[in-house]
1. Filter region 158-171 for residues that are over 21 Å from residue 97 (Cβ atoms) and part of a loop (DSSP other than H, G, I, E, B); which is least open to solvent (accessible area, probe 1.4 Å)?
2. Has region 10-22 got any residue that is open to solvent by less than 80 Å² (accessible area, probe 1.4 Å), of a type in the set (Gly, Ala, Ser) and outside any helix (DSSP H, G or I)?
3. Out of all the residues in region 172-186, is one or more at pLDDT 90 or above and open to solvent by 60 Å² or more (accessible area, probe 1.4 Å)?
4. Just to be sure, is residue 155 modelled with pLDDT of 95 or more, more than 20 Å from residue 304 (Cα to Cα) and open to solvent by less than 60 Å² (accessible area, probe 1.4 Å)?
5. Among the numbered criteria (1) within 17 Å of residue 22 (Cβ to Cβ); (2) open to solvent by 30 Å² or more (accessible area, probe 1.4 Å); (3) in a helix (DSSP H, G or I); (4) of a type in the set (A, V, I, L, M, F, W, C), which one does residue 134 miss?
6. Looking at the structure I just gave you, is residue 44 without any contact (Cβ under 8 Å) to a residue 40 or more places away in the chain and open to solvent by 80 Å² or more (accessible area, probe 1.4 Å)?
7. Inside region 81-96, can you point out the residues that are over 14 Å from residue 162 (Cβ atoms) and open to solvent by less than 60 Å² (accessible area, probe 1.4 Å)?
8. Regarding residue 113, is this residue hydrophobic (A, V, I, L, M, F, W, C) and either part of a helix (DSSP H, G or I) or touching a helix residue (DSSP H, G or I) at 6+ places or on another chain (Cβ under 9 Å) (or both)?
Amino acid sequence: MNRFYKVVTLTFWATLGLVVAGGLVRATGAGLGCPDWPTCWGCWLPPTELSDIPSQVDEAGDAYYLDKLGRKQYLSKFDYTKMWIEYLNRVLGVIIGFCIIATFIVSVPLRKVMPRLFYGSLVALLLVIFQGWLGSVVVESELMPGMITLHMLLAMLLLSLLISLQAWSSAAPKGSILPGAKFLYALLILQVILGTQVREKVDEFTKEPEGIARENWLDHAGWVDHVHRPLSLLVLAVSVFILVMARQRREPTRLPMWIFAAVLGQVALGLVLAYMGLPPWSQTAHLVLGAGLLCLSYRAGWHPTLSA
């Protein structure tokens, strides 16, 4: 049991790291830094210079790489920094795959005494396999709207599942469920969906060379952004409710305070995004803190601990 706990804890933190890497990819617009999959510009290792890319020249004299789907990927789009950001994101994804496999392997001896660890690990393994396939679809479809939202949602569900596996295999004393935490978790899942769709709307403007000015992108994101912003006030209200109820009940845990602080941080980052022209660092921070907040609310709603 102790070995399983250590492996699943490592897998959880590695998966959270992948979410950070994914946020960096989105913030820097590096999603197509490698325009093909599983290779990168036709190479298994990132090309160090343009001459390493298997390219051809069209009638106009422009060099391009013909990917496996028959699409022309012009070398004029090649960006060394974005390529490496996307490639390292893929490498981390492979590492997560090995971590999940290790989690499943160490769960096999526990399948009779702790079947939920075995079946939970199996679900996590299948989810990661599906995520890997979905990631290839995202690249091959050139960031198709909807696919990115599904990809992010499944990542959040995987983090939640890993928290459960960690809690089930832990010998730590359990605390009481915090009132409102499960509702907050549901709200945050909805916010993840809406926020990712806002980002998809913004991506449409990044593809237009003479489009709308960056500081005005959110003004044209449509109804999704108009729902996402005010819903954050409900999230804040629920976090206050959780904090007040926990103090009234004298709950011996710091989870309510951490949740409240994370919500305040998210609101502040949301204001930065809305009124400071979507600076890339704030996009990454917004995603990372959001993932952390979701994990805290899940822990508080399903697996609270006295030491948290």
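1. 170
2. There is no residue in region 10-22 that is open to solvent by less than 80 Å² (accessible area, probe 1.4 Å), of a type in the set (Gly, Ala, Ser) and outside any helix (DSSP H, G or I).
3. Scanning region 172-186 turns up at least one residue that is at pLDDT 90 or above and open to solvent by 60 Å² or more (accessible area, probe 1.4 Å).
4. Taking the combined requirement at face value, the residue does not satisfy it.
5. (2)
6. yes
7. 83, 85, 86, 87, 89, 90, 91, 92, 93
8. Judged against the criteria, residue 113 is not a match.
The values are calculated or read from the model by the stated rules, or taken from the named source; none is laboratory data. From a predicted model like this one, the values you see are computed outputs, not experimental measurements. All Cβ positions, even for glycine, are placed from backbone atoms using ideal geometry, and neighbour counts span all protein chains on display. For accessibility, only protein heavy atoms count, side chains too; no ligands or nucleic acids. Shrake-Rupley method; radii C 1.70, N 1.55, O 1.52, S 1.80 Å.
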